[in-house]
Amino acid sequence: MDFQVVVLAGGTAKNLIPLVSKEVPKALLPVANRPVLSYVLEHLEQSNLKDLIVVVEGQEAAVLVGNWISGAYVDRLHVEVAAVPEDVGTAGSLRAIAHHLTAKDIMVVSGDLVSDVPPGAVAAAHRRHDAVVTAMLSSAPVSGPSESGSSTGKDKTKKPGRYNIIGLDPTRQFLLYIATGAEVEKDIRIQKSILRAVGQMEIRADLMDAHLYAFKRSVLQEVLDQKDTFHSLKLDVLPYLVRSQLKSEVLLNGAPQAEENGNQKVNSQSNQVTLSGILANASTPSFHQLSVLGTNGSTQRTHKCCVYIADNSKYCMRLNSIQAFSDINRDVIGEASHLSGYSFSPQNNIIHPSAELGLKTTVGPHCMLGEGSQMGDKCSVKRSVIGRHCRIGSNVKVANSVIMNHVTIGDGCSIQGSVICSNVQLQERVNLKDCQVGAGFVVTAGSDCKGEALAKKEK
């Protein structure tokens, strides 16, 4: 087997409450009336990657995801669903299934990734450079990051933030520096050994780590074993591999060099091997196993961290916040409709044949109306997704919203920029703007809510 593929499907992500629940884990959140996980699985299937391990946090969530996969992909994919404890993180998830990983290289992809970038291109770049890790980077989404998950009006007016600070070599193939999370706001500190080796570095703040990685299995497992406090691939494992890639620079004949320590210079400037020289030897089969003795007698390694930068024409976004949930649903029935898997009407929308529309009801372009849903008279739907078997009264206006399955909406309601989860009941004349309503919640008649999260209290 060339590559083993691990899909990290998460569990009940706290930053997606009230959209997620015990009944609807993150992997099954709908994007254009399909679970978000289906976009990853079908993208892998199209790349002929059909032998997968799907890792789910929490036993109950794993059962729900496993049951859905069994029904949706029978005879199409070979999927092993592995349950891991909740909140172990992405690194902890891989640590927990390490005994299943046997291939030379491992592809790890987030289960919330909606993308048309071919995973095979990342795998090819990884093999071409014989890297220990290859990370896929893409242009940061226009809406900017929203880790808080808010989809309020205030959030929409924010300028796009920075996802990562990335340092690349002049060829834009090798990852020399990365700052993520809280590190993004700190001063940039570059290792002199890397700068000296590569000569110059391009700093980018417009790229997003898409959370699709190819790893050399032996190195990944070694890091996970030795660094048992590492919790996240993005925040811990990847930055560690990048920082440590030039701990010792090695001559082509195998003679060791002194390691730079602080302001200490290497023994001989003329004998220094540049990074480009090291990278040129990627064809050497044992390159990453090559070790040398440092000045203190310890064994050190040199390795390569590579990137695959997706073309700007490609779509790539993660469903990792409530704002992202709304953005992706908007995009998949809009500008990125090729990802939906559906055929759009001449009016550029999707109305299921079994759906019923009342008199003078309009469903605009970039909209979706699911199976068995009914709308009364004089309703208006703009740039929104409505799920299956919803019952919507008359004089209802829906704009820039996502309404899940089995929702009942009374006459005269107005819903704008909101997410309504399954089995919700909105009584007459409810006005919602920039709200999220959790599954099964009842919003009483005449309610006027703005920027609120409405949900049942957990028992």
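Evaluating 6.51 cos²θ - 1.76 cosθ + 1.60 at θ = phi - 60° for every residue in region 44-58, the Karplus couplings come out as 5, 4, 5, 8, 6, 9, 10, 10, 10, 10, 9, 9, 10, 7, x Hz, glycine and proline recorded as x.
For the residues THR229, THR134, a 1.4 Å probe over the protein chains yields an accessible-area ranking, largest first, of THR229, THR134.
Protection proxy ranking for 232-244, 44-56, using the average of other Cβ atoms within 10 Å per residue and placing the highest first: 232-244, 44-56. Stokes-Einstein diffusion for region 383-427, with the hydrodynamic radius set to the Kirkwood value over Cα pairs and evaluated at 4 °C in a medium of 1.567 mPa s, equals 129 µm²/s. The modelled label-to-label distance between ALA445 and SER354, using points 7 Å beyond Cα along the C-beta direction, is 3.1 nm. Length available on full extension from THR229 to LYS22: 0.36 nm per residue minus the Cα-Cα distance, which gives 71.7 nm.
Between ILE333 and any residue 5 or more places off or on another chain, the built amide H atoms are never under 5 Å apart. Once both labels are positioned 7 Å from their Cα atoms along Cα-to-Cβ, the gap between GLN347 and GLN221 label points is 5.7 nm. Averaged over its residues, region 1-139 has an accessible area of 36 Å² per residue, based on protein heavy atoms and a 1.4 Å probe.
Holding the Cα-Cα limit at 30 Å, pick out from LYS227/LYS456; LYS50/LYS247; LYS378/LYS450; LYS227/LYS304; LYS22/LYS227; LYS314/LYS457 the pairs that are longer than that. The pairs that break the limit, which is 30 Å between Cα atoms, are LYS227/LYS456; LYS50/LYS247; LYS22/LYS227; LYS314/LYS457.
Given a Förster radius of 30 Å and the C-beta distance between GLU60 and THR362 as r, what FRET efficiency does 1/(1 + (r/R0)^6) yield to the nearest 0.05? Spell out each step's value before the answer.
Numbers: r = 41 Å, r/R0 = 1.37.
Given R0 = 30 Å and the Cβ-Cβ separation, E is 0.15.
Per-residue 3J(HN,Hα) values for region 429-437, derived from phi via the Karplus relation 6.51 cos²θ - 1.76 cosθ + 1.60 with θ = phi - 60°, read 6, 7, 10, 10, 9, 6, 10, 10, 10 Hz in sequence order (x marks Gly and Pro). Taken along the Cα-to-beta-carbon direction at a fixed 7 Å, the label points for ARG243 and LYS314 span 2.9 nm.
Suppose R0 equals 56 Å; then what is the FRET efficiency for GLU183 and ASP75 from their Cβ-Cβ distance, rounded to the nearest 0.05? Numbers along the way, then the final one.
Details: r = 45 Å, r/R0 = 0.81.
That pair, GLU183 with ASP75, gives E of 0.80.
Counting only protein heavy atoms and a probe of 1.4 Å, the accessible surface of region 20-154 is 53% carbon and sulfur.
Return one whole number: the accessible area per residue of region 344-459 in Å², for a 1.4 Å probe. Walk me through the numbers on the way to the answer.
Details: 5520 Å² over 116 residues.
Result: 48 Å² of accessible area for each residue.
Amide H to amide H, with H built 1.01 Å from N, THR362 comes under 5 Å of CYS379, SER380, VAL381, counting only residues 5 or more places away or on other chains. Taking a point 7 Å from the Cα of GLU86 along the Cα-to-Cβ direction, the residues of region 1-35 with backbone N closer than 15 Å to it are 10-27. 5 Å is the cut-off here: which amide hydrogens, built 1.01 Å from N in the peptide plane, fall below it relative to LEU175, excluding neighbours closer than 5 in sequence? So LEU175 has HN proximity to CYS305, CYS306, VAL307. Note on PHE230: accessible area is roughly 30 Å² with a 1.4 Å probe, heavy atoms of protein only. Placing a label point 7 Å from the Cα of LYS50 along the Cα-to-Cβ line, the residues of region 76-108 whose backbone N sits under 15 Å from it are 76-80.
The values are calculated or read from the model by the stated rules, or taken from the named source; none is laboratory data. The model shown is predicted, which means the values in this text are computed figures rather than measured ones. All Cβ positions, even for glycine, are placed from backbone atoms using ideal geometry, and neighbour counts span all protein chains on display. Accessible surface areas use protein heavy atoms only, side chains included; no ligands, DNA or RNA. Shrake-Rupley method; radii C 1.70, N 1.55, O 1.52, S 1.80 Å.
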